[in-house]
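Below is one structure, written out as structure tokens; the observations come after it.
Quick note: the coordinates plus some simple rules give every number you see, no bench work behind them. No experiment lies behind these values; they were computed from the predicted model shown. Counting neighbours? That spans all protein chains shown, and the Cβs are built from the backbone with ideal geometry, glycine included.
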Amino acid sequence: MVKIINVNQGKREVVVDACIADEIQELNNLGIVTLGCCCGHGMSGHITDWENSFGKWKGVQAPPSTLIDEASVELAKSQGYRPYPYFYSDGSQNGVWQMNLKSGCITTDECIRWHESNDVPYIEDIGVL
């Protein structure tokens, strides 16, 4: 669980992938408003099929990343991050930016090793507890 500072979120704590939870907590502690995040479950670079109301397409699974509020971009840059605009499948941007994280697992092997060294069970089908 991570304590978040997003005032538009109905909760004050949210579940976050274990291998990036400390970094997401630190970002919030610094005043960077996180809107969502994913460690990628060791699948960075893999081709993924996507589907929603706009259709079907293929894309590349991103490395561990988070979405942040546009108001947090300069603060994130001051911490060494390189945020970039995030666009939804309908082409809207809505003041949401994305940035790669410094922690997290890039490959499945890294995920397994991280879980083993942190005594967190690894579930192969989804990569997390």
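What aspartates and glutamates sit close enough to K102 to cross-link, taking a C-alpha to C-alpha distance under 12 Å and skipping anything fewer than 8 places away on the same chain? Leaving aside aspartates and glutamates fewer than 8 places away in the same chain, those within reach of K102 are D22, E23, E26. Charged side chains reduced to their Cβ positions (Lys and Arg at +1, Asp and Glu at -1) give region 6-59 a dipole of some 240 debye around its Cα centre. Loop-located chymotrypsin sites (Phe, Trp or Tyr not before Pro) across region 56-129 with a Cβ neighbour count of 12 or fewer within 10 Å are F87, Y88, with loop assigned by DSSP. Under 5 Å between amide hydrogens, built in the peptide plane, is the criterion, and for I5 it picks out T34 among residues at least 5 positions away or on other chains.
Exposure here means at most 15 other Cβ atoms within 10 Å; with trypsin sites (Lys or Arg not before Pro) in a DSSP loop as sites, the longest stretch of the chain lacking them is 13-101.
Count the net charge of all other residues whose Cβ sits under 11 Å from the Cβ of E23, scoring Lys and Arg as +1 and Asp and Glu as -1. Counting the neighbours of E23, the net charge comes to -2. Shape of the chain from the C-alpha gyration tensor: oblate (a/c of 1.5 or more and a/b not above b/c, with a ≥ b ≥ c the square roots of its eigenvalues).
By the helix-only formula, in which each DSSP H run with n ≥ 4 contributes -39500 (n - 2.57) and the sum is divided by residues, the chain has a 222 nm mean residue ellipticity of -6500 deg cm²/dmol. Please report the spacing between the Cα centers of region 1-79 and region 95-110 in Å, no decimals. For region 1-79 versus region 95-110, the Cα centre distance is 8 Å.
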